[in-house]
Amino acid sequence: MLTEPVALAPEAGREQAIGEVSGAAEAFGIRAGMALSEALGRCPRLALIPPDPGRAASEWELVLRGLEGIGAAVESDRIGEAYFEVDGLRGIWGPSRENVLIRAGRAIGRPVRIAGAPTRFCALAAASTARPRPRARSKARRLPRVIAAGGEREFLSPLPVSLLDGRVRDERGQVADDRGRLVGTLERLGVKTLGELAGLPRVAVADRFGALGLRAHELASGRDAPLRPRLPHEELIQAIGLPEAAFGTQLERALELLIERLLADPRRRGRAIRSLRLEARLTSGGSWGADAVLRSASDSPERLRLAIGSKLGGLAAPAASLALRALELAPPGGIQPALDPDPAEVRRERLGEAVKQVRAAAGRDSVLRVLEVDPGSRVPERWATLAPLNEAGR
Amino acid sequence: MTIRVDRPVSSLYAPRAVEVRPGPGGKPELVGGNRVDSVREEWLVEDRWWTSDPLRRHYLEVVLSTGRNTVIFRDLVSGRWFEQR
């Protein structure tokens, strides 16, 4: 199928831009992120496949676990791309870097483009120009390409600047999405290759392109930020089937149930949740997903609901099932207190403990909260009422 | 020792019946057995007159001989006295 011009259709309710494309589609000049109308204009017989980010994420998680299974500390910001330090594994799978990469290819267990280089960007460029390695156990013997330290600038020099598209990170380490403006401008100015970009004075690049341009200059010069591998984790997921055309309140109730089930999962072993993914299988086919990262890990259902609940608004099509996945858990040992705790939070915790103790001694209605109802009323019993005080002191 | 508190949840500021002995002119002389030293303020509240359960009260803020400041009212529908606050 990948020998045909194929692209992922735009996701429901999102920008009308295509997703990943096949090699045959690339030959028509079609790229991921291109407007659907432009892609169809370039190739009218382009086949569109409904995106299934949920399944793609599951499959990619298997790939990452395969790599982690051979001891690799993996960084992966997007599905289909993973980076890890090779040198630390040479003692196990080496001695050469090529041996380590061959072992990694086997661990992935599917056709893969793999290469080694001193920097992330250089490795990506080397892998992009490599031929896919066949499946594991294939008899083909072709060594993966490895760029030696010091050779990265020479290797990158003849490559097109378009390789920088979607690869330049901002000051927070996030990939900057400038919609191809940087690369487009470079090409219009006649800077076609990474070598030409690296040859420009840093001051001139900074003057014309700002911080983003400087980072692109560094990548083209063979310099890159160090890897930030993820912590290996286990799968925690809860799913629920939905009645036909469930929407609004029904989805919210389903989400609350999933949160309760996720928190009650014994595999969590008391660890707080740092990031979550909400996934939905759509009745029309395909799937939808959205991630939420909490500012601090939590095992409070309310906080989890606040963090992920707002994502439900992005679900633009009826869902057949809803799933909640814990992407990252805090280390065992409960929620770690902050070095400089917020005095208000400390007071609230102490108040919550006091409420528990008083209730235990004097009954549930012994601690109540005064709730102002109509303080301006001429009838005093309407000024305020007493309401239960929850144990968080709120 | 365990103390149990059984209290209706919305009882804040609910009126409590009180024994009042009115003097000449209808002004209270005794509230709950305590002599009234002075009446600081009085006002009328008429509310929900458009319903079948109208609210008509004659409020008085009084200072008792014990020094306590309290608000009492006479329900003009039933004629009974209540203490509030």
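The values are calculated or read from the model by the stated rules, or taken from the named source; none is laboratory data. The structure presented is a predicted model; accordingly, all values stated were derived computationally and were not measured. As a convention, Cβ positions derive from the backbone with ideal geometry for all residues, glycine included, and neighbour counts pool all protein chains shown. What goes into the accessible areas is simple: the full protein's heavy atoms, side chains included, and nothing from ligands, DNA or RNA. Shrake-Rupley method; radii C 1.70, N 1.55, O 1.52, S 1.80 Å.
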Of A:S300, B:L76, A:A387, which is farthest along the charge dipole of the protein assembly as shown in the positive direction, counting Lys and Arg as +1 and Asp and Glu as -1 at C-beta?
A:S300
Size of chain A as Cα extents on the principal axes (Å, biggest first)
82, 52, 51
Cα-based Rg of chain B normalised by 2.2 N^0.38 Å, two decimals:
1.27
Of the candidates B:E29, B:E19, B:E46, which one comes out as most mobile in a Gaussian network treatment of chain B with C-alpha springs shorter than 10 Å?
B:E46
Taking a label point 7 Å from the Cα of A:A149 along Cα-to-Cβ, the residues of region A:83-98 whose backbone nitrogen sits under 18 Å from it are A:84-92, A:94-98
For chain A, build the charge dipole from Cβ charges (+1 Lys, Arg; -1 Asp, Glu) around the Cα centre, then report which of A:F28, A:A9, A:L351 sits farthest towards its positive end.
A:F28
Rank A:E15, A:E256, A:E345 by mean-square fluctuation in a GNM of chain A with C-alpha springs under 10 angstrom and give only the top-ranked residue.
A:E345
Mind telling me which of A:A35, A:A72, A:A104 comes out most flexible in a GNM of chain A, alpha-carbon contacts under 10 Å?
A:A35
Could you look at the protein assembly as shown and say what percent of its accessible area is carbon and sulfur, using a 1.4 Å probe and all protein chains?
52 percent
Loop-exposed chymotrypsin sites (Phe, Trp or Tyr not before Pro) per DSSP, neighbour cap 14 Cβ within 10 angstrom, longest uninterrupted part of chain B
B:1-48
Here the Cα Rg-to-2.2 N^0.38 Å ratio for region A:267-320 is 1.28
Interchain or long-range residues, amide H under 5 Å from A:G116's placed H:
A:R145, A:V146, A:I147
Not counting ligands, DNA or RNA, and with a 1.4 Å probe, what is B:T66's accessible surface area in Å² rounded to the nearest 10?
90 Å²
How big is the Kirkwood radius of region A:1-102, worked out from every pair of different alpha carbons and given in Å to one decimal?
15.7 Å
What the 5 Å binned alpha carbon P(r) of region A:219-376 shows, as percent of pairs per bin from 0, is 1, 7, 13, 15, 13, 13, 13, 10, 8, 4, 1, 1, 1, 0, 0
Please give the length that would be gained between A:E196 and A:R181 if that part of the chain were fully extended, namely 0.36 nm times their separation in residues minus their C-alpha to C-alpha distance (nm, one decimal).
3.6 nm
Quick check: residue separation of A:T129 and A:R350 times 0.36 nm, minus the Cα distance between them. What number comes out in nm?
73.6 nm
For region A:285-374, the convex hull over Cα atoms projects on average to an area in nm² of 10.7 nm²
Name the residue from A:G285, A:P160, A:V183 whose Cα lies farthest towards the positive end of the charge dipole of the protein assembly as shown, charges +1 on Cβ of Lys and Arg and -1 on Cβ of Asp and Glu.
A:P160
What does the accessible area per residue of the protein assembly as shown come to in Å², with a 1.4 Å probe and no ligands, DNA or RNA counted?
58 Å²
So for the pair A:I49, A:R267, with labels modelled 7 Å out along Cα→Cβ, what separation do we get in nm?
2.7 nm
If the cut-off is a Cα-Cα distance under 12 Å, which aspartates and glutamates reach A:K311, setting aside same-chain residues fewer than 8 apart in sequence?
A:E252, A:E279, A:D291
R0 = 25 Å: FRET efficiency of A:T283 with A:R65, Cβ-based, nearest 0.05?
0.25
Heavy-atom accessible surface that B and A bury in contact, both chains counted, 1.4 Å, Å² to 100:
1600 Å²
